[in-house]
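The values are calculated or read from the model by the stated rules, or taken from the named source; none is laboratory data. As the structure is a computational prediction, the values presented were derived from the model and not from experiment. Cβ coordinates were reconstructed from backbone atoms using ideal geometry, including for glycine residues, and neighbour counts include every protein chain displayed. Keep in mind that these areas ignore ligands, DNA and RNA; they rest on the heavy atoms of the full protein, side chains included. Shrake-Rupley method; radii C 1.70, N 1.55, O 1.52, S 1.80 Å.
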Amino acid sequence: MNRELIVRSSSDSVDFALLKDGKLTELHKEEDNNDFSVGDIFIAKIRKPVTGLNAAFVNVGYEKDAFLHYHDLGPQLASMLKFTKQVSTGKLQDYSLKNFPTEKDIDKNGVITDVIKANQSILVQIVKEPISTKGPRISSELSIAGRYLVMVPFSDRVSVSQKIASSEEKDRLKRLVRSIKPKGFGVIIRTVAEGKKVAELDKDLENLLNKWSAMCKKLYKAPTPSKVLVELTRASSILRDIFNDSFTGIHVDDEALYEQIKDYVQEIAPAKESIVKQHNSSVPIFEKYGIERQIKTSFGRTASMSKGAYLIIEHTEALHVVDVNSGNRSNKAKNQEDTALEVNLLAASEIARQLRLRDMGGIIVVDFIDMVKAPHRKKLFDHLRDEMKDDRAKHKILPPSKFGLIQITRQRVRPEMNIKTTEEDPNQSGKQVEAPIVLIDKINFALEKLLKGPAKNNSITLNIHPFIAAYLTKGFPSIRFKWFLEHKRWIKIQPRDAYTYLEYRFKNKDGKTIY
């Protein structure tokens, strides 16, 4: 498996595309004006506790107050509030916590007004970015993430990622971390720590302690609200979370960003520094690696799959709905049940990719093609779970219901990636129409369907706008010539001035429209 990270920089944002064997699996955007990223820590002020919600609204500097629920306060809230007050006023200058007397944990079933009050200063961390009309979701149970470890102040617990399967390895890592863990800090051992030596873990922990000290220094006389710890840039955080030995290339089109990423990779994986390369071609970086085309064909209401099958993806206020369609898919299966299973397995793989690609969150309901046999339904369920294993967002998948629906919940911490696949109609109708790249895919789909069905042995003429006709016929090899090589059929193309820019018709030898 080859993984590549393609980084495109522009004046106001940076785009990150993750490719798995050349196929786009994740797309991220880092904008210069995003001051509320997941992981950022703020010194903030309680605006108003609300007993009915058992939560408080907190001023973090965003236009809408952040939401802090009682269950997100963390059991060590009293210790954290005491520490924050002493550091902010200059009474405490030792940030190590080894001599800091901790307070009693708060009641896990308590009431918000018993532990915090209005106008109180509090340290909070962004756990969910502002989405739609809602402000950020925050937590006062702080955590500082490193490459191998996550450090949790005011805790003493050591826990290990559930994705590490070996109980012997879990015990080994726990023993190592307990031997180097400073007093007053809990540690979560990440999946990538598997097999690592104590020296690597100790270096990571030392970096985290330095971050904690730097944050505490900013607290002294800090105005509220203000940011006191900035999460890594999106490039570094992506590499921190997903980088492994399967990466074969990191390509960057900006010199400053190239140097920054190269330095970071040299720090976390010196042997892989050579895979970081600067893109200097005149061809835009997303064009060279086929990402622009994949973006156009993967977003929008319809997502195509191989041999005619496709998904319909719709978003309502409450949930996402995905409908699986077999289209004109034909194979050697003897019955409808086997065809349904094949299409559903294909759809499950594409759905897992679409969830990551669009960063869809909340409730997702998938209407797969009905299957009668219980073993087939179980096979589909297991396959979907396997495909979702690489998803870093927390998720849960329920078995198929009696109606054949599969329900998925997926953590949403950032706004959903939403890219328009339509463009303004060049005919000045004032409408939005499908982008040309999407149009070519639709023509390919229609042609494949016709050549396997009504026009299998008959001549076909494609009537289309002159601009698109030129696009299909010019150059070598032209798209039409590629059709000839693939289908062993020559498709006549007839330019029609009367057609709108993206209008097309397939006609038979009698001039009748067949698609």
* Structure fact -> Across segment 91-106, the tally of residues that are closer than 24 Å to A214 by Cβ and among the aliphatic types (A, V, I, L, M) stands at 2
* Do we have any residue at all in segment 325-333 that's farther than 18 Å from N444 by Cβ, part of a helix (DSSP H, G or I) and out of contact with any Cys (no Cβ under 8 Å at 6 or more places or on another chain)? -> no
* Determine whether V265 is hydrophobic (A, V, I, L, M, F, W, C), touching a Leu at 6+ places or on another chain (Cβ under 8 Å), surrounded by 17 or more Cβ atoms within 10 Å (Cβ to Cβ) and modelled with pLDDT under 90. => yes
* Structure fact -> Filtering segment 268-278 down to residues that are open to solvent by less than 30 Å² (accessible area, probe 1.4 Å) and over 16 Å from L18 (Cα atoms) yields I268, A269
* Only residues that are in a helix (DSSP H, G or I) and either open to solvent by less than 30 Å² (accessible area, probe 1.4 Å) or within 18 Å of P153 (Cα to Cα) (or both): list them for segment 179-202, please. => S179, I180, A193, L201, D202
* Asked: How many residues does segment 346-360 contain that are in contact with an Asp or Glu (Cβ under 7 Å, 6 or more places away or on another chain) and not hydrophobic (A, V, I, L, M, F, W, C)?
  -> 4
* Residue count for segment 285-323, restricted to those that are out of contact with any strand residue (DSSP E or B) (no Cβ under 6 Å at 6 or more places or on another chain) and either in contact (Cβ under 8 Å) with a residue 12 or more places away in the chain or under 21 Å from G22 (Cα atoms) (or both) -> 19
* Out of the residues in segment 48-68 that are in a loop (DSSP other than H, G, I, E, B) and on the phi < 0 side of the Ramachandran plot, which is surrounded by the most Cβ atoms within 10 Å (Cβ to Cβ)? -> V60
* Structure fact -> For segment 461-477, pairs from a residue that is assigned to a loop (DSSP other than H, G, I, E, B) to a residue that is hydrophobic (A, V, I, L, M, F, W, C), with Cβ under 8 Å and 6 or more apart or across chains, are H465/L502; P477/L485
* Asked: Does F100 satisfy the condition of being part of a strand (DSSP E or B), of a type in the set (F, W, Y) and touching a Gly at 6+ places or on another chain (Cβ under 8 Å)?
  -> no
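To keep it simple, each residue is scored yes or no on (1) open to solvent by less than 40 Å² (accessible area, probe 1.4 Å); (2) of a type in the set (V, I, T); (3) touching a strand residue (DSSP E or B) at 6+ places or on another chain (Cβ under 8 Å).
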residue: S88; (1), (2), (3): yes, no, yes
residue: K91; (1), (2), (3): no, no, no
residue: G110; (1), (2), (3): yes, no, no
residue: Q125; (1), (2), (3): yes, no, yes
residue: E129; (1), (2), (3): yes, no, no
* Asked: Looking at segment 461-471, which of the residues that are touching a helix residue (DSSP H, G or I) at 6+ places or on another chain (Cβ under 9 Å) and surrounded by 21 or more Cβ atoms within 10 Å (Cβ to Cβ) is nearest to R489 (Cα to Cα)?
  -> L462
* **Only listed residue being modelled with pLDDT of 90 or more, surrounded by fewer than 20 Cβ atoms within 10 Å (Cβ to Cβ), under 28 Å from the mean Cα position of the chain (by Cα) and within 22 Å of P136 (Cβ to Cβ), chosen from H28, H71** => H71
* Asked: Taking the stated definitions as given, is L405 modelled with pLDDT of 85 or more and either in contact with a Lys or Arg (Cβ under 7 Å, 6 or more places away or on another chain) or not charged (D, E, K, R) (or both)?
  -> yes
* To do: Kindly check whether there is at least one residue in segment 108-122 that is touching a Gly at 6+ places or on another chain (Cβ under 9 Å) and at negative phi.
  => no
